[in-house]
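I have placed the structure first, in the form of structure tokens, so that the comments after it can refer back to it.
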Amino acid sequence: MLRILSIAAAFALLASPASNAEEKARPVVLATLFPVVDFAREIAGDLAEIVPLLPPGAEAHSYSPTPSDMMRLSGARLFLYVSDGMETWVPGLVADAPASLLVRAVAPESSAYFGEEARTHEHDASCAHGPLGLDPHIWLDPLRAQAMADRIADALAEADPSHAGTYRANCTALQNRIMELHAEIETGLAGCSNRTIICGGHFAFGHFAERYGLRHLSPYEGFSPNAQPSPRALAELVRTLRETKTSAIFYEEILDPRLARVLADEAGAQLLPLHSMHNMTKEDIAAGATYFTLMRRNLDSLRQGLGCAP
């Protein structure tokens, strides 16, 4: 009996290092914004360790990398981010990264302009109060999010070629779910009495609005969280609120909605959130939020605010 126990113990000792080695073999993947983190987790499954770079609640546009971020880069195999236009601080962060680190931007090419430049590029005055320039928030358009998933899968396969087939299969499954979400949003917004989203803050939903045939207005130009609306833009928006008798003002959920609250009071409108998913709050994380739950939450807000048919 003692001999049998000794043999079992020996096998356990032999198995333990193998298990630890297998755990260590998983590539560590650092990712910036929540959609990149969420998609990478879906595609990688248990084959890679996906680590968010941003702490909960951090502002993604103006994030300042810390010395501990540099240390984490040294232990990672792959670094994923959206684009230089979105995370403008990334080039500085990865400038001195180890040569073994793969750095990959996952945003698909886009030439969609919103704001003053839209008049030149698209001849569409409907976005005159929207953000200025190229919109980096590509994940809020589900069809562009599908392309982003493709690039994430490619990057994971490059970092871990032995599991490339699994990454591609998982990516296809994710893209199918995204297509179902797209169809759900398209149907949900088809019967709305109002097709203008009036946002009291920085508007990140230019690609989303374009995809689903919506107009959007915001007093801000550009995507910087430090930008301030001009008095003229505010006056024009207030006039629009009064003329259209709008029933809802939208705001970006993770930011302080002070201006949106003032506009809502001015118009006698309800205040409704839209989650842009740059980052998660601690409450989002505790609730197990995903790209799909947050997009459906946005759809609910839009249907309520735009007077969509039941």
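Just so you know, all these numbers are worked out from the coordinates, no wet-lab data involved. The structure presented is a predicted model; accordingly, all values stated were derived computationally and were not measured. Cβ sites come from the backbone with ideal geometry, for glycine too, and all protein chains shown count toward neighbours.
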Starting with the fewest neighbours, write out 208, 39, 79, 292 ranked by other beta-carbon atoms found within 10 Å of each beta-carbon.
-> 292, 79, 208, 39
Between the modelled labels at residue 281 and residue 196 (7 Å from Cα along Cα→Cβ) the distance in nm is 2.9
In nm, spacing of pseudo-spin labels at residue 102 and residue 68 (7 Å Cα→C-beta vector) | 2.7
Using the count of nearby Cβ atoms within 10 Å as a rough guide to exposure, how do 207, 278 rank from fewest to most?
-> 207, 278
Per the Kirkwood formula over distinct C-alpha pairs, the hydrodynamic radius of segment 192-305 in angstrom is 14.6
